[in-house]
Amino acid sequence: MTIPADSASPFAASTTWRARRRRGIDRGMRGSATLAAIGSVAVLIWVILDVALKGASAINGDFFTKAPPVFGTGGGILPEIVGTGVIVALATGFALPIGVLVAVFLSEFASPRLAYPIRLALDLLNGLPSIVIGVFVYGLLVLGSGQKGYAASIALAIIMVPLIARATQEVLRLVPQAQRDASHALGMSTWRTTLGVVLPACISGILTGTVLAVARAAGETAPLLLLSSFYNPNQPVTFNLFGQAIPNIPMEIFNDAEQPDLASHARGWGAALVLVTIILLVNLIARYALARQRRRMYR
Amino acid sequence: MRVTAPPILAPSELSGSRSPADRFGDRALFALTTLAAVAVLATIAFVIYQLIDGALPAIDLYGLGFIGHNVWVPNLGPGGLGIYGAAAFIYGTAIISAIALVVGAPIGIAIGLFLSMLAPRGIATAIGPLVELIAAIPSVVLGLWGILIFAPIMSSTIEPALHDVLGWIPIFGAPNATGHGLFTAGIVVAVMVVPIIASISRELFNSVPNELKEGALALGATRWEMVRGVVLSSTRPGLIATLILGLSRALGEAIVVLQLAGGGSASIISGNLFNNGDSLASRIANTFIGALNSRETAALFYLAVILLALGLAANLAAQMIVRRYELSHRRA
């Protein structure tokens, strides 16, 4: 019996055009997949390099200690840095307890049937366009009474809750059921078990998830455009979230990008460098920490 | 002395012996967590209610005709309250999302394939997080980069080149002198969509059992044939859900589109991708604060309702597909 010359195996009949074509397509597809990965990393590097180079030339000592100038060059973005800090801090204050409590409800109390709609609601909340959340909070708190810093905090908190809840759920799942059983067997009630055994085992995972959510919220711009954008950019530093709109880094970048003059562009790049540095550092450290925690908990 | 065995207690009796503090603590924790869960459900419901409530004047006035009507003139019409319609913004949203997906989906899926199957382990663990970092760059920073770096390149090089080569297709019409426009915005939104599609599809491809992949290779398939015949075909529902999630990200992006699509007061529907335009999200972001009168605010709320409906529909569809896929797999 003879094997037909153009039968399927690329190894047996590598000289036929069918086999060559198959190998060619294979190489082409593998090559373009590799190219896609290299290309997207190249875009990341391109953007980061531009931000780093152009931002670095704008940053000096004044950049972190002064307000933007009324006109022209110089000055810094101190009020904006502080503003983003307090807005995001208040948002975290709202979102952290709610996110953790929802996750505890889902993993410790809810039956699968009850958990499904709540998981779905979290996913839907996570998928809502941030501008829609901005419009919602605008209608709730700003319409008729003016922009307030805390309105921005609430919008950011709505964005953060599903992120924190998901991160917490994932670490709660890693706590062995045996630890809960052991605690119950020692006569501990459910609430003591949850607060004393389960959550402490998860604390680093919850913190990592929260820090990632903070990084995400710090860069959100669409809700801030509606809720905290009408402010005097070179006003002194303020912590009063309930009086008026608060200066913040995303709006500073947004406004600088829209200006025609080079001094504003330079300040925009500088602000972008500050924001991107914080966000990327937080992401890298959190990823590293998460990987380590996961290894430890699985072991 | 007689020793009696302690009676064996049923769990219910055990819980009956709990201290009042424990009983209170258990109830309080349960109540608190339930409250938080209800708050999440209530937020969704409240968002829907608040947006529809704000849009009511416009909904009463225009009905569904608002969606197909291409006009946005805030200071004309009866009583100087303006005439409004959403068609141009729905068009802009559709075009930008289409560009983002046409460009972003193949690249995202290719990266997913590369990371899960082609790359050596060391390279995959290095490149995977880098691709996901793209998603961490705030949209306003991408927009700044887009305005100051990317748009000039688009107007000087890319758009003229595309027009020269593909100009016979009407969508690649006259280049935009500013470099802004729907096309530029769509490309930058594609940059934001790629990491989402890449990371979800990577996990999807990793979930395909190794026996199937090795079986295909053992039958003499090349790697690509294995990918096409086994990996892509067995993950198709998941891939569709992934694309829908990418779409929902593109639909809702306000800032980059506001910065780069060149939208303004005029609402234009033209076939030319390089022209200026506005999406639902960017028009809301652009005009909401400066709305001239209550009717324009109501019309903007109506735009937000449309955006909300699109976003919820996309996310629900993706969740449904995933759930059905998981159920059918569990049964199998």
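Computed from the coordinates by the stated procedures, all read-outs in this text should not be read as laboratory data. Here the structure is a predicted model, which means the values were calculated and not measured. For neighbour counting, all protein chains shown are included, and Cβ atoms are generated from backbone atoms with ideal geometry for every residue, glycine included.
Quickly estimate the mean residue ellipticity at 222 nm for the protein assembly as shown, helices only: each DSSP H run with n ≥ 4 gives -39500 (n - 2.57), and the total goes over all residues, rounded to 500.
Values: 25 runs with 421 residues, N = 631.
My calculation for the protein assembly as shown gives -22500 deg cm²/dmol from helical runs alone.
Sequence gap at least 6, Cα distance under 8 Å: using those rules, report the relative contact order of the range A:183-285 to the nearest whole percent. Don't skip to the end; give the middle numbers.
Values: 62 pairs, mean separation 26.0, N = 103.
With pairs under 8 Å counted, the relative contact order is 25 percent.
Answer rounded, prolate or oblate for the range A:115-181, using the Cα gyration tensor with square roots of eigenvalues a ≥ b ≥ c: rounded when a/c is under 1.5, else prolate when a/b is larger than b/c, else oblate.
Numbers: a/c = 3.92, a/b = 2.63, b/c = 1.49.
Verdict is prolate for the range A:115-181.
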Listed with the fewest Cβ neighbours within 10 Å leading, B:I200, A:I48 appear as A:I48, B:I200
For the protein assembly as shown, the dipole about the Cα centre with charges only on Cβ (Lys and Arg +1, Asp and Glu -1), to the nearest 20 debye, works out at 2340 debye
Restricting to Cα pairs under 8 Å and 6 or more apart, the percent relative contact order of chain A works out to 25 percent
At q = 0.16, 0.22 1/Å the base-10 log of I(q)/I(0) from the Debye formula over the alpha-carbon atoms of the range A:74-216 is -0.89, -1.31
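Could you tell me the relative contact order of chain B? Use alpha-carbon pairs under 8 Å, at least six residues apart, and round to a whole percent.
Details: 445 pairs, mean separation 85.5, N = 332.
Relative contact order comes out at 26 percent.
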When the charge dipole of the range A:61-298 is computed with +1 at the Cβ of Lys and Arg and -1 at the Cβ of Asp and Glu, the Cα pointing farthest to the positive end, of A:L225, A:L195, A:L128, is that of A:L195
Quick shape check on chain B: root eigenvalues a ≥ b ≥ c of the Cα gyration tensor, a/c under 1.5 is rounded, otherwise prolate if a/b tops b/c, else oblate, and it reads oblate
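Taking the Cα centre of the range B:99-282 as origin, work out the dipole magnitude from +1 charges on Lys and Arg Cβ and -1 charges on Asp and Glu Cβ, in debye rounded to 20.
Numbers: 7 positive and 9 negative charges, 63 e Å.
With Lys and Arg at +1 and Asp and Glu at -1, about 300 debye.
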Each label sits 7 Å from Cα toward the beta-carbon; between A:D181 and B:I52 the label points are separated, in nm, by 4.7 nm
Using alpha carbon centers only, the range A:66-120 is separated from the range B:200-236 by a whole-angstrom value of 40 Å
So for the protein assembly as shown, using the alpha carbon gyration tensor with a ≥ b ≥ c as root eigenvalues (a/c under 1.5 gives rounded; past that, a/b versus b/c decides prolate or oblate), I'd call it oblate
Counting only residues 5 or more apart in sequence or on a different chain, those whose built amide H sits under 5 Å from that of A:Q244 are A:G149
The exposure ranking of A:M160, B:M117, fewest beta-carbon neighbours within 10 Å first, is B:M117, A:M160
Exposure-ranked with fewest Cβ neighbours within 10 Å first, A:L49, A:L163 stand as A:L49, A:L163
Filtered hits (lysines, Cα-Cα < 22 Å from A:K54, offset >= 8 within chain) -> A:K66
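Just subtract the alpha-carbon distance of B:L327 and B:L292 from 0.36 nm times their residue separation and send over the number in nm, one decimal.
7.5 nm
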Check: C-alpha center the range A:196-256 vs C-alpha center the range B:240-311, spacing in Å is 24 Å
Each label sits 7 Å from Cα toward the beta-carbon; between A:S145 and B:A45 the label points are separated, in nm, by 2.3 nm
